[in-house]
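Let me begin by presenting the structure, written as C-alpha cells, before commenting on it.
The values are calculated or read from the model by the stated rules, or taken from the named source; none is laboratory data. Quantities reported herein were computed from a predicted structural model and do not represent experimental measurements. When we count neighbours, we look across all protein chains shown, and the Cβ atoms used for this are built from the backbone with ideal geometry, even at glycine. These accessible areas exclude ligands, DNA and RNA; they are computed on the full protein's heavy atoms, side chains included. Shrake-Rupley method; radii C 1.70, N 1.55, O 1.52, S 1.80 Å.
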Amino acid sequence: MSFDLRPATTGQDALVASHYRPISSHLAIAPPVSVVIPAMNEAENLPYVFKTLPDWIHEVVLVDGNSTDNTVEVARELWPDVKVVEQRGKGKGDALITGFNACTGDIIVMVDADGSADGNEIVSYVSALVSGADFAKGSRFANGGGTDDMTFIRKLGNWALCTTVNRKFGARYTDLCYGYNAFWRHCLDKIDLDCTGFEVETLMNIRVVKAGLKVQEIPSHEYLRIHGTSNLRAVRDGIRVLKVILRERSNRRALRSRRHDSPMLDSVRGEVS
C-alpha cells in the first residue's frame, strides 16, 4: 500500500493532502493519535519513555498523580507541547479516565510511565485500528510478544484470570492484565469505565467484548521498570481484578434475567443501546 503525499492545491486532492500524515514509509493515517501517560514520581523514567514516542503523534497527555519530584518539569522539557492534567483522585484507573477525558485525538493509546513499554510499537496498534479493529490490545503472550518483568506467581495469576474471562465472556485473549492498549475514542461511550485501580485494564477488556467491539491483539514486549518501584501488589490487585470479573459476570446474568422476564427489552434493545 502506498500514498502520494506530495502537496496538492485543488479539489479533493487538496483535502487529502491536508489531512493525511505519513507515519512510516508504508503507512499514512488521517485520524490524530493521543498518547495518555499516567505518572506519579516518574521523572527519572520519562526520558526513556518519551525517547521512543513517534514524532507524528498528535498529542501527549501526561496525567500527574500529585508527584513530589519534577515529573511535570521533565515532561515539559522533553515534549514542549505536552498537555499536563492534574489527577484529583487516586489510582491508575482514575488517572487513565482523567487522561481519556482530556484527549482530543480520534485514537487513544495508553502507555505506562515506568519505561516498560516501547513507543515504537505504537505504529502496530494504530495500523490495527485503521485496518478495522475497534480496540488494539497489547499481549505479552501472543506470538512475537514477551516480558522481562513477570514472576512465576504473577504469570500464573494472569493466566488463571485470563482463562476465566475467556470462558465467562467468550473472549480469546492471551493476556489480560497489561496496560499497553489503543482504541478509537468513540469506544469510551460503549465501555463506560468506572473503576479507580489497576483493575482498569481488565474492566476494559471485558467490556469491549460485552459491547461486541472488534478486538485485535498486538504482540508487545514488556521491559523491566527502569527506576523506582511499582505500586502494583500482586495479591491485593489480583483480588480486585477477580472482583471485577465476578461483578461483570453478575451484571451479565442480571441483564439476561431481565430480558427473559421482559421480552420487549430485546425488541427495543437496538434503539436504546
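Observations, loosely collected:
- Looking only at the stretch 46-83, and only at residues there that are open to solvent by 60 Å² or more (accessible area, probe 1.4 Å) and among the charged types (D, E, K, R), the one that is nearest to LEU96 (Cα to Cα): LYS83
- Residue in the stretch 25-45 that is crowded, with 19+ Cβ neighbours inside 10 Å, hydroxyl-bearing (Ser, Thr, Tyr), at pLDDT 70 or above and within 19 Å of the chain's Cα centre (by Cα) present: yes
- Contacts under 8 angstrom Cβ, first residue in the stretch 165-190 being under 23 Å from GLY115 (Cβ atoms), partner open to solvent by 50 Å² or more (accessible area, probe 1.4 Å) and of a type outside the set (D, E, K, R), 6 or more apart: ASP175/PHE141; CYS177/PHE198
- For the stretch 136-155, the criterion of being under 13 Å from the mean Cα position of the chain (by Cα) and modelled with pLDDT under 95 is met by no residue.
- Residue in the stretch 117-125 that is over 19 Å from TYR48 (Cα atoms), open to solvent by less than 20 Å² (accessible area, probe 1.4 Å) and of a type outside the set (Lys, Arg) present: yes
- Unique residue being out of contact with any helix residue (DSSP H, G or I) (no Cβ under 8 Å at 6 or more places or on another chain), assigned to a helix (DSSP H, G or I) and not aromatic (Phe, Trp, Tyr) when the list is GLY157, GLY99, GLY144, GLY132: GLY99
- Contact map, the stretch 53-80: residues that are within 18 Å of SER34 (Cα to Cα) paired with residues that are among the aromatic types (Phe, Trp, Tyr), Cβ distance under 8 Å, separation 6+ or inter-chain. Pairs shown: LEU53/TRP79; VAL60/PHE50; VAL60/TRP79; ALA75/PHE50; LEU78/PHE50; TRP79/PHE50.
- The helices (runs of 4 or more DSSP H) found entirely in the stretch 190-273 that carry 2 or more residues being surrounded by 17 or more Cβ atoms within 10 Å (Cβ to Cβ) and modelled with pLDDT of 90 or more are 200-210.
- Looking only at the stretch 86-95, and only at residues there that are more than 15 Å from ARG240 (Cβ to Cβ) and touching a residue at least 12 places away in the same chain (Cβ under 8 Å), the one that is most open to solvent (accessible area, probe 1.4 Å): GLU86
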